[in-house]
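First up is the structure itself, then whatever we jot down about it.
The values are calculated or read from the model by the stated rules, or taken from the named source; none is laboratory data. Keep in mind that this is a model prediction, so the values were computed, not measured. Neighbour counts run over all protein chains shown; Cβ positions are idealised from the backbone, glycine included.
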Amino acid sequence: MKKINKNKINAIMYIITVIFSIVFIIVGNRIFTGKSTLWQGQNGMAEKARVIEIKNISTDDYNIDEYTTMSNTTITFKAEILSGEYKGKIVNGVQNIDNFSPYVTRQIEEGDKVLITHDEGENTDISKDWIYSEILRTDKLVILGIIFLLLILIFGGKKGFNTIVSLGFTCLSIFGVFVPSVLAGANIYITSIVICLYTIIMTLIIVNGCDKKTLSATIGCFSGVLLAGVLTLIMNKTLHLTGVLDETSIHITLLDTEKPIDLLGIIFGSIIIGAMGAVMDVSMSISSSLYELSKKVKYADFSMLLGSGFTIGRDIMGTMANTLVLAYIGSSLSTVLLLIIYNPNILSLMNREMVVVEILQALVGSIGILFAIPFTSFIAAFLYSKHNKKQENIMETEFYDMEE
């Protein structure tokens, strides 16, 4: 009966979490996209198209000075639009390639799927003046994504399906709620914490159910993430950061928003959201391990479980810290190479705000992982040892009843 009741509770909590997630994402998106002027009046949207004919290719050369010759290649083509209100229409487009760019743009060919935009201007004829924007790459990414999801289902079964559901809600909450909230001028610090709290609870309930493992992992994970956030706020003041890391930061300040976007808030959000995944992994690993230990060992008391949690945590700690640091280095490798080339002085390089923030992300995230270990171990040991003591008392009572 207890097992049936537990399964029913898990099923009810699963449904409640899914419904709440859908409402949270839809309502949050409508609230923030409604407040943001950046989401309104968007013209010139890119459309998918397939190149069906290359009509003409011409190249013009001209001299900038006696030593420099520039060239511009113009490719005119016919394409069939594959999306939007003009789907199925045949239009004329242009691709321009010049040698000003530091990279070589690939010349389109028949059969290529591309993105094109309509240069409206004074011309209302939608069959003309379409401009090549980019080669269409999302189709291939979708195929790779489908393979990834199928592999999760094959290897994970029911857990794999739940993983996909939680991953979908996580992405929707970040790109559908958090990003619009930033553009709408909402308080980034509050929305970051809300998104982290929602993601942690939602992920752990959907993937692992509603039990003591989930409770201890949730408390441990959120404690580690919250500590990372507090440290970020302290270090922002201590390091006198401005939030201006590169040209992207400058462009953000120039956006036409009702309220200026807080660049330091973006650093705060990026650090705690980036650290959340690794901290959640550590918390769940410790919580699950101690739960299994408490089930297999009859007399697992608080001190035994707490010590085991620390031991397991130390084993996890090294690889997780490496994972976090390497993830940050790998994501900004091109920038790191460029900075090293143009900053031969190591002291100057290490004091650039861009590098300082990358180091801060890695250190604060790793500290969050370190503190999630004792937090989770303590909560798990308290919950599981209390359960074991109750079972011990029941077993002792049954033993004495048998003797009598």
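When you go through LEU241, LEU197, LEU231, LEU215 one by one, which is the residue that is surrounded by fewer than 19 Cβ atoms within 10 Å (Cβ to Cβ), modelled with pLDDT of 85 or more and closer than 14 Å to VAL357 by Cα?
On the way: LEU197 fails: closer than 14 Å to VAL357 by Cα; LEU231 fails: surrounded by fewer than 19 Cβ atoms within 10 Å (Cβ to Cβ); LEU215 fails: closer than 14 Å to VAL357 by Cα.
Result: LEU241 is the single residue among LEU241, LEU197, LEU231, LEU215 that is surrounded by fewer than 19 Cβ atoms within 10 Å (Cβ to Cβ), modelled with pLDDT of 85 or more and closer than 14 Å to VAL357 by Cα.
For region 341-382, give me each residue that is under 30 Å from SER216 (Cβ atoms) and either of a type in the set (Lys, Arg) or over 21 Å from the mean Cα position of the chain (by Cα) (or both).
Passing the criteria: LEU370, PHE371, ILE373, PRO374, PHE375, THR376, SER377, PHE378, ILE379, ALA380, ALA381, PHE382.
Yes/no per residue for (1) in the same structural domain as ASP281 (by TED's automatic domain parsing); (2) surrounded by 11 or more Cβ atoms within 10 Å (Cβ to Cβ); (3) closer than 15 Å to GLN361 by Cα:
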{"site": "PHE302", "(1), (2), (3)": "yes, yes, no"}
{"site": "PHE310", "(1), (2), (3)": "yes, yes, no"}
{"site": "GLY313", "(1), (2), (3)": "yes, yes, no"}
{"site": "ASN322", "(1), (2), (3)": "yes, yes, yes"}
{"site": "TYR328", "(1), (2), (3)": "yes, yes, yes"}
{"site": "SER334", "(1), (2), (3)": "yes, no, no"}
{"site": "ILE341", "(1), (2), (3)": "yes, no, no"}
{"site": "ASN345", "(1), (2), (3)": "yes, no, no"}
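Kindly indicate which of SER133, SER166 is outside any helix (DSSP H, G or I), hydroxyl-bearing (Ser, Thr, Tyr) and on the phi < 0 side of the Ramachandran plot.
Criteria check complete, one pass: SER133.
From the residues in region 122-173 that are in contact with a Lys or Arg (Cβ under 9 Å, 6 or more places away or on another chain) and at pLDDT below 85, which one is nearest to TYR14 (Cα to Cα)?
Among those that are in contact with a Lys or Arg (Cβ under 9 Å, 6 or more places away or on another chain) and at pLDDT below 85, it is ILE126.
I need a count of the residues in region 254-296 that are in a helix (DSSP H, G or I) and either surrounded by 23 or more Cβ atoms within 10 Å (Cβ to Cβ) or not polar (S, T, N, Q) (or both).
Matching residues across region 254-296 total 30.
Residue under question is SER377, and the condition is that it be assigned by TED's automatic domain parsing to the domain that holds ILE329, at pLDDT 70 or above and either in contact with a Pro (Cβ under 9 Å, 6 or more places away or on another chain) or surrounded by 14 or more Cβ atoms within 10 Å (Cβ to Cβ) (or both); does it hold?
So SER377 passes the test.
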